[in-house]
Amino acid sequence: MSGRKAVEIKRFGLTQVYVPENEGKTVATVVFVHGLFGHPQRTWTGFKQPETRIAFSSSQVSNLPSRLDQPTGVGSLSVTTDPEEEPEVTNETSSRELSPQRSERPFSSLMDCSQIIGLKAGEVFWPESMLPTVLPEAQILTWRYDADVDAFNTSVGHNNVEQHSTDLLTDIANLLDKLGDQAKPIIFVVHSLGGIVVKEALNIASHSEIERLKSIASATYGISFLGTPHRGSGSATIGKHAYRIARLATKRPNIKLLRSLEKNSDTLKGISNRFRSTQQKWDIKISSFYEDREVRKYFVFHSLIVDNESAQIGHAGEEVSSIPKNHREMTKFTSLEEVGFERVSSQLCRWVKDIRVKSQIKDRSPELEECLSSLENSQTGIRISNVASSYDGTFQWLFDRNAVSFSDWLEEDQSVIGLSRPIFWINGKPGSGKSTLMKFAMRNNRTLELLTRRYHPNTASSRKEPDWMILGFFFHDRGSHVQKSIEGMLQGVLHQLLSQLPDLLPFVYTIYKDLVKSQRNTKLAWTFGALCAAWKAITQQRTVHLYACMFLDALDEHEGDNSRLSKLIYDLLSSADGNIVRIKICVASRKWNIFGEHFGSCPQFAIHEHTTSDIQVYTSERLYEAMASFGEEGRHAFLPKVERLASQVTTKARGVFIWVRIVLDELVKGVRDGTPISLLEEKVTQMPEELSDLYRHTLERIESDYAKESYIMLEIVLCSLSPLPLRTFMNCVSFSRWQKVHKATEAEMIRQLISRSGGLLEIIPTAWAIEATSNESESKDGASDIAIHDPDITGSVVQFIHQTVKDFVAADRSGLGLLLDPSFKAESGYLYLLESGILFGSTWARSLSRSIFEFGFLADSKDSTDVVRLYEAFHLLLGTESGLQSRLNQWLYKEHLQYAHFLDTLRNDDPLLILTAAADLKRLVRYQIEQRWAEVDATSIRSVHLTPPTLLLMVATGKRLSTSSASRESMLNLLLKEGVAVDQSSTAIDSMEQDTWIEIEDKSKNEHKASRTALAWVLRHAPQEHISNEERYSIARLLLENRADPNTLAVPDTCCPDGTSLLQSCVRHYDVEAVRLLLLHEADATYLDEPMPYFQHVFAEALRGETTMSELLREYGTETRRDLGTLNSGARLIIQCGSLIGTGSPDVGRTIGTVWRSCIRNSRIAGKF
């Protein structure tokens, strides 16, 4: 089939409705699957018909919510009758956004060209007539199964979900068999029950032993869910009552399907649990759309069939958006400009483009694909996905040239504009909607249209240019390190850029190979230097056209030096020539001085000065929806009052959307509860205008019984190193509050979170929750303590609703306005996290246990932390669980094996002192040492044995167990001042291959075991993994200044046998700086009068072509009076050999051979030496 031939939709199975004219250029296969009561044609068919309008006064019309908007922007309530379905009242919303690709033909011709048999006048089957205009490279099919549940004229199928899924698999497999090598990646577009069927089909395929079925899972690229009840639908049970009519008609309704759709049904849970692993295994892309209009039948039943929560899977990277229609109408589009079609088709276009690019990469070489994969990090794009999409009809002023200059900036030719013009700065108050606006700008097709079109000042024509790419990174202070770092930003935009333009991969491949060679690690970590070099290589090349517009949001949430970030943004532009390489960057931030200094001369606007109408629309809409149960007459009677209330909120918000969101939550509840509008107006008047005051006001209203939990919740979210999975978070709160973990269902946890947080915390889907919870859930006996396969738990994390809430909690140290009991000891969230991580580190808090010393360090750094409670928390490490080894040993062997050998040999709480010192917990270390001295009789001499001998060694050279930026000397100073003996000898086993202390299994290699002082270990001549040379000498200087013995024995190695002094070892290894330090502190140098030491450093200097060591020894009066004339011919020959090596002479090999033979023959040389 090619083009548009007559098509009759099959009663069951697959029907192909469109295939590209050039079938060889097909990129993807799109399969539509209908839902309950659905049909492969009618489900996706819209109907164009006259609208019945309700008249309003002019004042009412000007302020009506957007969903009552007229086509010009303010609206109509329309009553439609679907000829195939029951009458119902629906709400239509027009969109001012453009379609993904504007059709060249008038829309009437699109309807006229449809070749679907049985399509009636005015009906638009959009998968066949509209979608190909924006997705011409996709093969499009629709699939039918019996989902009627009841039927009055025909018999009803009784298949359950699994049986329908098996049928779908069989039909798809047959299709792929027919296509053979021409088979392309599959994208499913599914509605309601169809999404459940597809999920289960992929679950079956993923575990199938039949290869042709299994291949369907690997071939699936993405699924676009429209109103799919992943957690069930409350309306499914309501519908059962209606289906009793079928029984009266002697029909047998298919109750199996209805039961599977019930809220939180076992069927849905099982499918969701299995699909979680299926989606991760095959990296299936997910987008979900939810209805935001109620179904109103017979003017009695008002309900969202599938609410926002149930319509989301909760997987990382899931794109979530609304379609402004009810459940049944959300799949019916009749116009390219319709917002629902634009949102669904835009997502499909992005996926098809990604498929095309990936196929191009695979065609190039596996090496280049590996290079691209090394840059991929799922966390870099999560923030963009989680930012709320713009509300219908808002932010349209962004493209109004009379309002802001954004459109002009997009069109500018940067090659003829001054330095700052390639950058556009969107600034504004905290919480004013900058992130939502940036996402709107990135996703709106007008952005690309304006970038691609360059207007010439003297002509009305415009010319096309190479395709522009949209890149984006949103900094996220409440996320993980990669989400708020420069490295994360560079890695994210580079991956996006190379994914869209794989022709650039060869320019970065050499950098990638160098990284692979240097790191020798299967999990490559891109360094800042490598990322910058890759960007330079891409932007300095002049063979591949590169046009990119980058959106960098929330610069103020960047973790680090914002001046450095701002300069880097300019550096990203520095290599663009404005011809082959063109780059524009739109940045958004609060209007901080640091950003004003760098971007103040750029085109810009303050967002809060332009959002008054947007806030009015959003507020009116939310309040109008709250009156859903009032009936039409009741709502219209309240309309003037709602207008007045919305205007009051808009005025007081002063452009801050987050203020509106919090206030509206309270107002909406009041409207639903029947609170008089006049009382709500008084509430708005009393609401504080400043966000910090509003947050305090919100927390003051929380019941006193919940105040302690509220405080603990806010502290834990504030202090978490990255957002915690919901289950982990609530368990931690429960233990911190009650010293016991109370089990709860997901619904109970969510209710508890909402009631205790005052709405200042939210639950969002993300990637690391899945990873973290999966790791945490495996207990020591292989059992699982929590339902890790529940996507509602594993795929969701808890965070503040906005950065301003985090700022408020972090800055407010006076109880946050909560009604706390005076007896309640408010502790740092770090301490709460530490206690859970220690006690439950082998079960649900495994991810916390990895960071216990980081939590300890951060808690120790806060003066408000009770050091005694901190000590008691860490002391729990020395306890045991169920008769097993101590928690400390479990932690060591899992996280820090290099410490395990040392600490196994120590007694009591010595390991705790060493580890807390290695983590730089200064207050806790001082407390532990003071406790030890207090236990000694006041008349006793302080014994060096009161502290473990390896203490100084670990602090000086061991791995740091926290992110402390303080120098090692600061902890060493503290220890020495507290009386720790500087010359304690400690034993370590050096593998000679790496700077770790581990037990060597082959005892024959254990020949370098020695008891030495910390100074000897610091100046040993082996690679120091954790300290630089500069730190090494600085630590040695500190130890010597505190009277460390400079004549201590060196750590033996292959050049220095046991018994060699430290000075002698440093001379032999030609360590000039170490020798200088030792001589400065009066090390014994008498041994240098012997010929061999003199010869060794002279030989070393001959190799280096320098005399630094000789000059140093002479400076300290230790230079021997012997000269080369006193050495025999063999020694002189060796020195001559060294000279040849130093000059690179080709005679070196021959000379060394001569020297070696001479040494063997002439025993006098050995005797002299």
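Listed by first and then second residue, the pairs with beta-carbon distance under 6 Å, at least 6 apart or on different chains, first residue in the range 368-381 and surrounded by 20 or more Cβ atoms within 10 Å (Cβ to Cβ), second polar (S, T, N, Q) and at pLDDT 85 or above, are Leu375/Gln491; Gln379/Gln483. Checking each residue in the range 819-833 for being in contact with an Asp or Glu (Cβ under 9 Å, 6 or more places away or on another chain) and more than 12 Å from Asn731 (Cα to Cα) picks out Leu819, Lys825, Ala826, Glu827, Ser828, Gly829, Tyr830, Leu831. Filtering the range 333-354 to residues that are of a type in the set (A, V, I, L, M), part of a helix (DSSP H, G or I) and within 13 Å of Leu135 (Cα to Cα) leaves Val344, Leu348, Val352.
Residue by residue, here is whether (1) closer than 15 Å to Leu819 by Cα; (2) under 26 Å from the mean Cα position of the chain (by Cα) holds:
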position: Leu691; (1), (2): no, no
position: Leu694; (1), (2): no, no
position: Ile702; (1), (2): yes, no
position: Lys708; (1), (2): yes, no
position: Cys719; (1), (2): no, yes
position: Thr728; (1), (2): no, yes
position: His742; (1), (2): no, no
position: Met749; (1), (2): no, yes
position: Ile764; (1), (2): no, yes
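Residues in the range 1072-1084 that are within 18 Å of Thr1107 (Cα to Cα) and in contact with a Ser or Thr (Cβ under 8 Å, 6 or more places away or on another chain): Val1072, Leu1079.
For the range 648-662, check the following and say yes or no: at least one residue is assigned to a helix (DSSP H, G or I) and farther than 25 Å from Ser390 by Cα. No - not one qualifying residue is present in the range 648-662. What about Gly795, is it within 21 Å of the chain's Cα centre (by Cα) and modelled with pLDDT under 85? Yes.
In the range 523-538, the condition of being under 27 Å from Glu412 (Cα atoms), part of a strand (DSSP E or B) and either of a type in the set (A, V, I, L, M) or in the same structural domain as Glu411 (by TED's automatic domain parsing) (or both) is met by no residue.
Taking the criterion of being on the phi > 0 side of the Ramachandran plot and buried (at least 24 other Cβ atoms within 10 Å of the Cβ), the only residue of the range 178-209 that qualifies is Ser192.
Within the range 545-555, does at least one residue satisfy the condition of being farther than 28 Å from Ser385 by Cα and either touching an Asp or Glu at 6+ places or on another chain (Cβ under 8 Å) or in a helix (DSSP H, G or I) (or both)? Within the range 545-555 (the criterion being farther than 28 Å from Ser385 by Cα and either touching an Asp or Glu at 6+ places or on another chain (Cβ under 8 Å) or in a helix (DSSP H, G or I) (or both)), the answer is no, since none of the residues qualifies.
For the range 870-879, the set of residues classified as part of a helix (DSSP H, G or I) and among the small types (Gly, Ala, Ser) consists of Ala873 only.
Aliphatic (A, V, I, L, M), part of a helix (DSSP H, G or I) and closer than 21 Å to Thr843 by Cα: is that true of Val717 in this structure? So Val717 passes the test.
Say whether the condition of being touching a residue at least 24 places away in the same chain (Cβ under 8 Å) and part of a loop (DSSP other than H, G, I, E, B) is met by at least one residue in the range 491-507. Quick ask: steps written out before the conclusion?
Let us first name the residues in the range 491-507 that are touching a residue at least 24 places away in the same chain (Cβ under 8 Å), namely 491-507.
With part of a loop (DSSP other than H, G, I, E, B) added as a condition, the list becomes 501.
Within the range 491-507 (the criterion being touching a residue at least 24 places away in the same chain (Cβ under 8 Å) and part of a loop (DSSP other than H, G, I, E, B)), the answer is yes, since at least one residue qualifies.
Residue pairs whose Cβ atoms lie under 6 Å apart, separated by 6 or more positions or on different chains, with the first residue in the range 660-689 and at pLDDT below 85 and the second loosely packed, with under 11 Cβ neighbours inside 10 Å, do not occur. Just one of the listed residues (Thr45, Thr72) is at pLDDT 75 or above and among the polar types (S, T, N, Q), namely Thr45. Scanning the range 356-412 for residues that are outside any helix (DSSP H, G or I) and acidic (Asp, Glu) yields a count of 4.
Among the conditions (1) touching a residue at least 60 places away in the same chain (Cβ under 8 Å); (2) out of contact with any helix residue (DSSP H, G or I) (no Cβ under 6 Å at 6 or more places or on another chain); (3) under 20 Å from Ile801 (Cβ atoms); (4) not small (Gly, Ala, Ser), Arg701 misses just one, which is (1).
Here is a list: Gly578, Gly560. Which entry is in the same structural domain as Asn427 (by TED's automatic domain parsing), in a loop (DSSP other than H, G, I, E, B) and closer than 23 Å to Gly479 by Cα?
Result: Gly560 is the single residue among Gly578, Gly560 that is in the same structural domain as Asn427 (by TED's automatic domain parsing), in a loop (DSSP other than H, G, I, E, B) and closer than 23 Å to Gly479 by Cα.
The values are calculated or read from the model by the stated rules, or taken from the named source; none is laboratory data. Since the structure is predicted, the reported quantities are computational estimates derived from the model, not experimental observations. Cβ sites come from the backbone with ideal geometry, for glycine too, and all protein chains shown count toward neighbours.
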